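Take a look at the structure below.
Readers should treat all values here as calculations from the given coordinates under stated rules, not as data from a laboratory. This one's a predicted model, so the numbers in the text were calculated from it and none came from an experiment. Here Cβ is always computed from backbone atoms with ideal geometry, including for glycine, and neighbour counts include all displayed protein chains.
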Amino acid sequence: MKTSPLVIKSREFLSLATNVGFLAALLFFALTSAASANDSEGSNSNLLKPSPPIPVAFVISEGAVVIDFCGPWEVFRDVMVGNDHPFRLYTVSDKTAPIQAGGGMKIVPDYTFANAPAPKIIVIPAQSEPSTAMLEWIRQATKNTDVTMSVCTGAFVLAKTGLLDGKTATTYHGAFGAFAMHFPKIKLKRGARFVENGNLATAGGLSSGIDLALRVVERYYGREVATKTAYNMEYQGQGWMNPNSNQVYATTPVSTAEHPLCPVCGMDVDPKTAPKSVFQGKTYYFCSDDDKKTFETAPEKFTSK
């Protein structure tokens, strides 16, 4: 008995649904991008020439913030060009012994800095204090990368290499004050989802790394591939199309008696439970004991206007 031509096989239906959904998403993103002059300009600049497989190194150490590296990892992993995944992903650290990332996740790095393959992309998440070997590897490897990118306070690691000196960068909004104080040779840009400088790029906090990774995909393979990647991930954020889309963090918040802010990181604090210190007759509250110690080392740096 012949099957009716009106009966669509389930796989064919799913394929059709996926393609229709993607086309709808592509149209939506196209309409959105057309409304943004910054977006239109950014999509056609800083293009990269892909030469797959493209090696992507994730530099990690103790305390690495999971979304900072797993977000970009998922982006690069999900890219499809034809029938191929063009990015080859691996982790690199001081040792191949397991490290404990944020929240207790244990990761066994694939390589050490002594034997890691040469990367074309480096991803630097927020993590513990970088070793000398890490900083030197980043410096040397960046001479031949297409993109060396930091996420969140991974910008501190990249800044410590000296590669950002004289350039503009961004970081996690709660670290703006500390970053500006520690790295006066770098121009801090508040309110940026990400900042690009040649083969260097810095993203804002946490989920900003997903947007910067999608932007890197766009630079290699164009907006359609980046849009399809975002669609397949069910990621609806549009910050990757507009580097200035973090304007909610552009203005420095003001600390008041009713709503005090930590003078070191700028985050909200609860005066009932927060560590505190008195300087020149005024009480200051802190997010942590470490911030309190930092403040007490040189309080004038955090109180002078």
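Tabulated data for the structure shown
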quantity: Members of Lys167/Lys276; Lys160/Lys276; Lys143/Lys292; Lys185/Lys293; Lys106/Lys187 lying beyond 31 Å, as alpha-carbon distances in this model show; calculated: Lys167/Lys276; Lys143/Lys292; Lys106/Lys187
quantity: Rg and Dmax [Cα atoms of region 23-249; Å; Rg one decimal, Dmax integer]; calculated: 16.5, 49
quantity: Whole-Å distance, taken between Cα centres, linking region 188-247 and region 272-305; calculated: 35
quantity: DSSP beta bridges in region 23-249 [antiparallel fraction, %, rounded to 5]; calculated: 25
quantity: Rough spin-label spacing in nm, given labels placed 7 Å along Cα→Cβ, for Leu47 and Thr297; calculated: 4.7
quantity: FRET E, pair Asp165, Thr283, Förster distance 30 Å, beta-carbon r, rounded to 0.05; calculated: 0.25
quantity: Relative contact order, percent, region 90-140 [alpha-carbon distance under 8 Å, six or more residues apart]; calculated: 34
quantity: Ratio Rg/Rh [Cα only; Rh per Kirkwood] for region 254-305; calculated: 0.90
quantity: Per-selection Rg to Rh, region 177-236 - Cα, Kirkwood hydrodynamic radius; calculated: 1.07
quantity: Average Cα contact separation per residue, region 254-305, under 8 Å, 6 or more apart, as relative contact order %; calculated: 31
quantity: Those trypsin sites (Lys or Arg not before Pro) in region 118-216 that DSSP places in a loop and that have at most 11 other beta carbons within 10 Å; calculated: Lys143, Lys185
quantity: Rel. contact order, % - alpha carbon contacts under 8 angstrom, at least six apart, region 23-249; calculated: 22
quantity: Charge sum, other residues only, whose C-beta stays under 14 Å from Ile60's C-beta, Lys/Arg counted +1 and Asp/Glu -1; calculated: -3
quantity: Sites Asn115 and Lys185 - FRET efficiency at Förster radius 35 Å, r taken between beta-carbons, to 0.05; calculated: 0.60
quantity: Interchain or long-range residues, amide H under 5 Å from Thr112's placed H; calculated: Ser93
quantity: FRET E, pair Thr251, Glu136, Förster distance 30 Å, beta-carbon r, rounded to 0.05; calculated: 0.20
